[in-house]
Structures are given as structure tokens and as C-alpha cells.
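Here is the structure we will look at, set down as C-alpha cells.
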Amino acid sequence: MPPSSVRVRFAPSPTGALHIGGARTALFNWLFARHHGGTFVLRVEDTDQTRLQEGSVEGILDGLRWLGLTWDEGPDIGGDAGPYYQSERLEIYRDRLNQLAAADLAYPCYCTPDELAVRREEARAAGRAPRYDGRCRDLSPAERERRAAGGRRPVLRLRVPGDGETLVDDHIRGRVVFAHADLDDFIIAKADGFPTYNFACAVDDASMGITHCIRAEEHLSNTPKQLLVYRALGATPPRFAHVPMILAPDRSKLSKRHGATSVQEFRAEGFLPAGLVNYLTLLGWSPEGGEEMLPVARMVEQFTLERVGKNAAVYDVKKLRWLNGRYLREMTAAELVRAALPFLARRGFLPGAPSPAQLALLERAVPLLRERADTLDELAQGAAWFFQRPESYDPKGAAKHFADRAEARARLGLLAQSLEAVAAPWIHADLEAAYTALSTEQGVSRGALIHPTRLAVTGLTVGPGLFELMEALGSDEVLARLEAARRWLAREA
RNA sequence: GGCCCCAUGGUCUAGUGGCCUAGGACAUCACCCUUUCAAGGUGGAAACCCGGGUUCGAAUCCCGGUGGGGUCACCA
């Protein structure tokens, strides 16, 4: 793909974790940039000093990296359009602010937040739109001076034309018209001198040469304001594309009470970056061929804004799990071992730094385990029998397969005997042959041998194929567990 | 409440006036496979929000209604 002039950005505010909605927005921007051979810029929108959260930027960058969404310019790597923290771009805003004030395109407003809040409430109560009433709009220089002398720090408001309208030509939604009458003179600089979102965003997108602004739909109604800023500044706006929101299963905005919402949480639950990325891609976008599972390269190749839908998508963890499970099953045993290690350690099955022998053991178990796991944590969970001997036997299973204690004990003894005759290291085919022979010899079904064994060895009634399981565990361990089960049966009899 | 966006099965979606007896995927149900559980395979049930237009013909275009969402901060 030839390099192009496409420049897009993801501009998170460091007030928390990387939310899946934000991750999806970042992903679409990234996909768009990569598809067009353009540039993906990361910019930190930290103009609200009161809402900064310790470690948030690191968390967000980390989440993005984990997902594989690499950026070409950003806070940590710099770039020609820097700095990439808005808090470091104050001189730029100051300059533009002065420019607008000098041209009387913006004016100082001395109303306090409290006064504004009161008036807003009054308006709301009276059924009127809670908009700024413009009382500082035409203050004379003398009046301004008087208020300033009174100790009031003004904010700066953009002078919005009272009539006319602003057209947003959205790449996804088409032409959306906003009447200026519905807008008010919004604040572009706070009393502390920091710019507000609508101003900083426009200034930065313009000065950073952003060509396409791809963001969540919640920003659509901000767009006319930003367009007004561009106009006042005499700058050319980017092309806008507002992607649909991601909603919770009850169609409300996604929040904590809906379970995992941040990328970090999904990561901690054992989801794979490939699974999450693939799922997120399918939320609001669909490939031409309709395939569900796409490697990143294919997404990049296929991604266009034309195929982004308009309706909000309800996030469905079931499908995420299904996709994740498919990616899990596509990994090699070695990759899976490495990925599962932290989860195994967290459950106390393995030390954080396992020995080569433990690793080798694990590599034998993982192919068995992954067939019934959709996440890394589920895989770890399913590995319990592998690392620890059963402390008890599943009650329902015991009621069925250990009903007659004496008989079960005898049968397990018989089983142990014939297993001892199988040459170590065990191969599952040999084990199966031994079971088949014994079942013929004893005149019982294979199941009558298999089920009690499984219960004795794992304590469970469900799990991987018994013979593969025993092969992975090894003769010493299996025999020891069989013996332990017989002792238990003797005790319980 | 004002403004704005949206509307295909439970969920994600394909569909851009005839190819639609509306396709795919997840979930669900049944069956098959089978030593259990999964995985896998096969099959089933399941949708164009409603009402008006336009048109020979509408899921597709227009209008209205309804419903959902977003936004109206010195947050982003």
C-alpha cells in the first residue's frame, strides 16, 4: 500500500482505564490508518487537571500495546506534530485564544460556575433549554475591567452566530444539520486558562494535520461546535466519521455493573488480544465476505468506513468467548503454555517461574485442556486435576461409580494391576488396549472401567479423554491416585 | 424537555427497489459422533417496530408515529 496523507488519531483522556468502547474507537482508527498506509497518532487529552488519574496514561498505552494497536506518533515516542499531551500544548491554545479574542470572535465571560448552574436549573424548571443567556456577550471594556477588578477570573466564550446553521458531513451518517439557534456561546477557555475539549480538540486536530476524525457517536453533537471553532480559526476541518456506540445487554450505556468493561479486565480474565480485537472489529463493522474470524492482516485489507454500520451494538460476551476459544485452539502448545502460565500461577498450580520439567509436563496437558476452554483462565481452571490430586470425589459421580465401595475398590485394584503391566512411558493407545482387554476378560463394558478410573484419578466426571489424560499424567502419578482412591473407598465403606 | 442519531431473529450483522420463500455468525433446541465434558458435524425454531405514501414492484425511497440511544458542564 502506498504511503498516503491519511492521518487519524485516538485521543483518550487519562481519567481511567481503557474502556472497550475506547478500544474499539482506537481499533477503527488504527485499521483505517493501516488500510490507507496513513499515520496513527496518539494524543492525551489531559486538560482537566482535576480529573487526572494516577497511572491512567500508562494503563491506556499498555492496553493499546497489548491489543497490538501500535501508533506512529504519540506521547512516548514523539513525532513531528508534538507535543502529544494537551497539557504541554498550552502555548498553542493561548496563541489561538488570543487570536480569537483580538478578532472579537471570542469574549470573556465573568459569570461564575455557581451562577451558571442556578440559571441552568431555572431554565430547566421553566421548561426552557438550559443554555447560556449571553449576558457577558456585549460588555463594554469598562464593564469588563470593573468585573476583573472585582477579582473575577473570566472564561472565554466563542461568539456563535445567532442564525444560520452548521452542516456536519459525516462519513457514516451523511449530512447532519445543526441550527445555530440551538447552540449557545460555549466556553473555549476555562478560568484557569486551560482550553475546553471542544476548543483543544479542534485546535489540535487542525495543527496536527488530522485528516479524518473517527470517534464515537456521542461526539456527534459536539461536532458543530468544533466546526465553529475551525471556522473562527480559519482552519480546515478533518472529515468526520461517528461510529456507533457499544451498549450493555440491557441497551444502556456500558458501566461497571455490567461486568468487565476495561481492556485490562478482559486481559485479566484470560481473553486473548486476537480474540478481543476480532470481536471488537465485528461490533459495528462487517467484512464483505461475511467471515467472522479474520486475522488482523485481513481486517486491515478489508476495513473501510463504508462498511461501518450506523446502529449501536449490544456487546455480547458469549460471542466474544466463542471467538476467543477459537483463537485459543489455534495457538501452538508452546504459545499456550506461555500465555497460560500467569493464570496457572495465580491459581496456585505452578510457581511463577516453573522448572523445565513442570513446563514439559504442562506442554503435554495443554492440548487436552484447550479443547474445553474459551479463556486462559478457564484453561487454568480446567487444569486443576493435572496439578493436584483429588481431595474429594464428585458426589454425583461417586454415587454412580463408587456406589458399591467394595466392588469399586476391587475393580480399581484390577485396573491398577493391568496398568502396571503397561510399559512406561505410557502411550494412550496402549492404555486403551489394556482397558479393552480387561473389559473383555471381565465381561464388563469399557465404560464400567473408564468412569470409575476418571473419578479416581481426577475426582471429576468430566474432562479430557481418559487415556490421553493418563498418558499426560504418567504412570507413577496415576497409580498413586488409584491407590489413594482405594484407600478412600476402604475408609468410606 | 430541546436538538441530534438510530431501528432486520435473544445478540452481532448481510442486504443500497426486483437476485429475499430475507443470508451468515453467536446463543438456543434436536440428532450424530463418543469413555464423560467439550470440540466437531447435521438439522430445527427464530427477524425486516407500526402506519401511511412513492412505485408495476419496497427490508431497501419519502412522511408520520413509536421505541432505543446520544447530547445539552469552567468533563472529555
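Each reported figure results from applying straightforward, stated rules to the coordinates on display, with no laboratory input. This one's a predicted model, so the numbers in the text were calculated from it and none came from an experiment. Neighbour counts are summed over all protein chains in view; Cβ atoms, including those assigned to glycine, are modelled from backbone coordinates with ideal geometry.
A few comments on the model shown:
- Overall dimensions of chain A, expressed as equivalent-ellipsoid semi-axes from the Cα gyration tensor (√(5λ), whole Å, largest first), are 65, 23, 20.
- Take the Kirkwood radius over Cα pairs of region A:368-449, plug it into Stokes-Einstein at 20 °C and 1.002 mPa s, and you get 143 µm²/s for translational diffusion.
- Dipole of region A:446-490 [Lys/Arg +1, Asp/Glu -1 at C-beta], most positive-end residue of A:Leu455, A:Ser475, A:Leu489: A:Leu489
- Percentage relative contact order, chain A, counting C-alpha pairs under 8 Å, at least six apart: 12 percent
- Extension gain (nm, one decimal) between A:Ser207 and A:Arg173, 0.36 nm per residue minus Cα-Cα: 9.7 nm
- Sorted largest first, the spans of the alpha carbon positions of region A:326-393 along the three principal axes are 33, 28, 19 Å.
- Multiplying the residue separation of A:Ala429 and A:Glu363 by 0.36 nm and subtracting their alpha-carbon distance yields 21.8 nm.
- Cα principal axis extents for region A:291-362, largest first, Å: 52, 25, 16
- Ratio Rg/Rh, restricted to region A:187-295 and using Cα atoms, in which Rh is the Kirkwood radius: 1.07
- Counting neighbouring Cβ atoms within 10 Å and putting the fewest first, the residues A:Leu419, A:Leu90, A:Leu369 line up as A:Leu90, A:Leu419, A:Leu369.
- Partnerless Cys - chain A, beta-carbon criterion under 4.7 Å: A:Cys111, A:Cys201, A:Cys213
- Backbone N under 14 Å from the A:Asp192 label point (7 Å along Cα→Cβ), restricted to region A:16-54: A:46-54
- Quotient of C-alpha Rg and 2.2 N^0.38 Å, computed over region A:409-493: 0.99
- Positive-end residue, region A:241-398 charge dipole about Cα centroid, Cβ charges, pick of A:Val308, A:Asn278, A:Ser255: A:Ser255
- Taken over the alpha carbons of region A:40-174 as equal point scatterers, the Debye sum produces base-10 log I(q)/I(0) values at 0.21 Å⁻¹ of -1.23.
- For region A:47-146, the list of GluC sites (Glu not before Pro) that fall in a loop by DSSP and count at most 13 other C-beta atoms within 10 angstrom reads A:Glu54.
- With viscosity 1.306 mPa s and temperature 10 °C, the Kirkwood radius over alpha carbon pairs of region A:180-236 converts through Stokes-Einstein to a diffusion coefficient of 132 µm²/s.
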